[in-house]
Amino acid sequence: MPTKAKLYISWIAAGGLIVLAAGLCRWQSTGLPRLLAFLFLAMILSTQKICLPGMKGTMSLSFPFILVGIADFGFGETLLLGCTAAFVQTLWHAKTPPRPEQIVFNMGTLVLSSGFADWLGHAILRLLHLNSLVLLLASASLIYLLVNTGLVAGVISLTEEKPLQKEWLHCFYWAFPYFLVGAVAAGLVSALGHSVGWIAGLLVLPLMYLCHLWYQIHIERTVRAQAAVPTSDKFSPVLVQD
């Protein structure tokens, strides 16, 4: 692995650790039973992965729960959701045992993506003097998508010596529809939670899984219809983080 890639991974891992530590030090609990339930579900749904064409990165169903965390949980709780989801997504049914640098990079990526999306999303609402769930989730989803795909494209560019812009556009192209549906699902979960109760919000889970299944089938059909793009086994980052 090139030295630049090693330094990049180290910086992302260190940045994720600092942000996670800051969030945990300023812990604000919004309810332990709900947190444990969502943490358990995020771990379970992190095992439902989609392999992206042309790369070894994966996406999982944990992303909507991170968005729900941004809308309804404390900052530290949201980071814990993202960190745990990344850990499970990286290890679960991996084709090859992940190396330590892959694990710390993936966890750092999801912590940084969740942290920036949470902080900037709420900062935008404060700046505009608004209290809108739709605006919060829309801005947080976009920020999360940009940061996550950017970090993943960066490590692929450095480890496989590919153009950064091309890799970022490839990641963004395949991730955007999935993230868009995930944002809508997160909005439904949060809205139901506010109006009826957080347990009622979990009724959206079957719909989320059907959307996940549809997108997986769509990708498989696309791969069969087009010539397969050769992939490298040098590194396997996580997109939602997967």
Test: residue in segment 144-161 that is over 23 Å from Q48 (Cα atoms), crowded, with 17+ Cβ neighbours inside 10 Å and polar (S, T, N, Q): yes
Cβ-Cβ under 8 Å pairs, at least 6 apart or on other chains, segment 207-221 side at positive phi, far side in a helix (DSSP H, G or I): none
Flag if I44 is under 19 Å from the mean Cα position of the chain (by Cα), at pLDDT below 90 and over 20 Å from L120 (Cβ atoms): yes
The lone exception for W198 - which of (1) under 30 Å from A5 (Cβ atoms); (2) touching a residue at least 12 places away in the same chain (Cβ under 8 Å); (3) among the hydrophobic types (A, V, I, L, M, F, W, C) it fails: (1)
Unmet criterion (only one of (1) in a helix (DSSP H, G or I); (2) free of Cβ contacts under 8 Å to residues at least 60 places away in the same chain) for I156: (2)
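Being at negative phi, more than 17 Å from the chain's Cα centre (by Cα) and modelled with pLDDT of 85 or more: is that true of I66 here?
no
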Of all residues in segment 183-222 being over 18 Å from the mean Cα position of the chain (by Cα), part of a helix (DSSP H, G or I) and of a type in the set (V, I, T), the one that is surrounded by the most Cβ atoms within 10 Å (Cβ to Cβ): V204
Subset of segment 136-182 [under 13 Å from the mean Cα position of the chain (by Cα), under 20 Å from F73 (Cα atoms) and of a type in the set (S, T, N, Q)]: S141
Failed item in (1) aromatic (F, W, Y); (2) outside any loop (DSSP other than H, G, I, E, B); (3) farther than 19 Å from V147 by Cβ, with W27 passing the rest: (2)
Unique residue being surrounded by fewer than 17 Cβ atoms within 10 Å (Cβ to Cβ) and either of a type outside the set (F, W, Y) or at pLDDT 90 or above (or both) when the list is I9, I18: I18
Contacts under 9 angstrom Cβ, first residue in segment 3-22 being within 15 Å of E161 (Cβ to Cβ), partner at pLDDT 95 or above, 6 or more apart: none
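Matching residues to (1) buried (at least 21 other Cβ atoms within 10 Å of the Cβ); (2) in contact (Cβ under 8 Å) with a residue 24 or more places away in the chain; (3) under 21 Å from Q89 (Cα atoms):
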position: I103; (1), (2), (3): no, no, yes
position: L110; (1), (2), (3): yes, yes, yes
position: W119; (1), (2), (3): no, yes, no
position: A123; (1), (2), (3): no, no, no
position: R126; (1), (2), (3): no, no, no
position: S132; (1), (2), (3): no, no, no
position: L137; (1), (2), (3): yes, yes, no
position: L142; (1), (2), (3): no, no, no
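The values are calculated or read from the model by the stated rules, or taken from the named source; none is laboratory data. From a predicted model like this one, the values you see are computed outputs, not experimental measurements. Cβ atoms come from the backbone with ideal geometry, glycine included; neighbour counts cover every protein chain shown.
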